[in-house]
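Okay, structure first, notes after.
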Amino acid sequence: MKNLYQIGEVARELKITTRAIRFYIDKGLLTCAEKSKSSYRFFDESQIIHLKKILFLKDLGFSLHEIGKYFASDEFQRKQLILTKQRDLKINLAFFQKIIDKNLYDLSFLADKLYYGNKVRVKRLTDIVGVWKLFGIYKNIKNAKNDIDKLDFFTPYKFLAFNSDGSSPWFYYATEKKIIFNTFFLPVAEIYQIVDGKIYLSISNPNDHAFVKKENCLNKPHILVFEKFSDNFDDYQKLIYHDILPTKVECDKKILGAYKMIGTKQSLTDDTISVLSNDLLIFYNCGVVERYKENAYQKLNWTKDMIFDKTNTLTFNFWRFKDELIVENKTNSYIFTGEIKNYYVYKKIDFKSN
């Protein structure tokens, strides 16, 4: 038989009030082993340990809602909640240090700050206002500023858009020197600088950006470079609903021929997963590509590195590796500043003999 303890005994052991214990029960965070006819509550060892966890999380700054979410989550989700709270505490410690260093105990520095949710940021960010389109990805700032050795990796940050107060249409915002990405409510602060009309954004640890799958990004520190697309914040909508089609068609004759789909990839660097498919692409010299899929026919255009559909103004990048083509599978479902995608793998074939 389990040892049972009255609510008063538990309260004395943990140095809290019985009222606090009843409060956690009323909020659905704690249960008791049994309740007597006289309404006395009794708790077993496991429930006391559970209460200790509640008190510990509360001391770490978790709200009641967050504590409830913690107990309802699996191990991975709990880890993310802990990491989020750790980052919040680091931000708070930085504010405390600023108050102490500058003797700002009256909190006067908040006069020129603006709250965004429960975050604080600087008002009137004039230099970053507008829409910025991705220019390239680089290993380091030196390569980025000299426009050498661009990296060919997927990133969801196709563009950035900021209003005058640093807000954006997605879960990120800007301060004077940092962009805070609240990726699924996990804030990650990345440093940026603006030089000669370009934003140089340091991505210190891609794995911290929760909505970026590990296999779909460069998993080392790197620099994203954005160039100004528009000074008008509302122009971000132009980049959501359609891509900017190429105005000049440049064709690579090495691409000419017929290609049959042989598999898919989750990212450009993944192994190919074989599939049975009748999907066929035929590239013609005039910049026209025909696609045959399950008895359906589609006529598209192509340049040296993309296929595009003038009808719905969508573009699909592709890459050539020897006798294979890797074509992105783009959907119309955008997440933040990127789109969900994987990649189709095509192999060149002798069309006459097939």
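The values are calculated or read from the model by the stated rules, or taken from the named source; none is laboratory data. None of the values given here were measured: they were computed from a predicted structure. Glycine also receives a Cβ, built like all others from the backbone with ideal geometry; neighbour counts cover every protein chain displayed. Quick note on the areas: whole protein, heavy atoms, side chains included, nothing else; ligands and nucleic acids left out. Shrake-Rupley method; radii C 1.70, N 1.55, O 1.52, S 1.80 Å.
List the pairs whose first member sits in region 129-149 and is of a type in the set (Lys, Arg), whose second member is open to solvent by 80 Å² or more (accessible area, probe 1.4 Å), and whose Cβ atoms are under 9 Å apart, counting only residues at least 6 apart or on separate chains?
Taking only residues 6 or more apart or on different chains, the pairs are Lys133/Ile244; Lys139/Asp149; Lys139/Lys220; Lys139/Pro221; Lys145/Asp196.
Could you go through region 53-75 and let me know if any residue there is touching a residue at least 40 places away in the same chain (Cβ under 8 Å) and of a type in the set (D, E, K, R).
no
In region 299-314, what residues are open to solvent by 10 Å² or more (accessible area, probe 1.4 Å), at pLDDT 75 or above and either farther than 14 Å from Leu281 by Cβ or touching a helix residue (DSSP H, G or I) at 6+ places or on another chain (Cβ under 6 Å) (or both)?
Lys304, Asp305
Wholly within region 124-208, which strands (runs of 3 or more DSSP E) include no fewer than the required count, namely at least 1 residues that are open to solvent by 60 Å² or more (accessible area, probe 1.4 Å) and within 27 Å of Gln266 (Cβ to Cβ)? Let's see the steps before the verdict.
Working: elements: 130-138, 159-162, 172-174, 178-183, 186-195, 198-203.
Hits in region 124-208: 130-138.
Among the residues of region 29-59 satisfying the criterion of being open to solvent by 60 Å² or more (accessible area, probe 1.4 Å) and not in a helix (DSSP H, G or I), which is modelled with the lowest pLDDT? Explain how you work it out, then say what you get.
Initially, region 29-59 is screened for residues open to solvent by 60 Å² or more (accessible area, probe 1.4 Å), giving 31, 34-35, 37-40, 45-46, 49, 52-53, 56, 58-59.
Now drop any that are not not in a helix (DSSP H, G or I), which leaves 31, 34-35, 37-40.
On the way: Thr31: 89, Glu34: 73, Lys35: 71, Lys37: 60, Ser38: 64, Ser39: 66, Tyr40: 76.
The extreme case among them is Lys37.
Within region 60-110, restricting attention to residues that are open to solvent by 70 Å² or more (accessible area, probe 1.4 Å) and of a type in the set (Asp, Glu), which residue is modelled with the lowest pLDDT?
My answer is Asp106.
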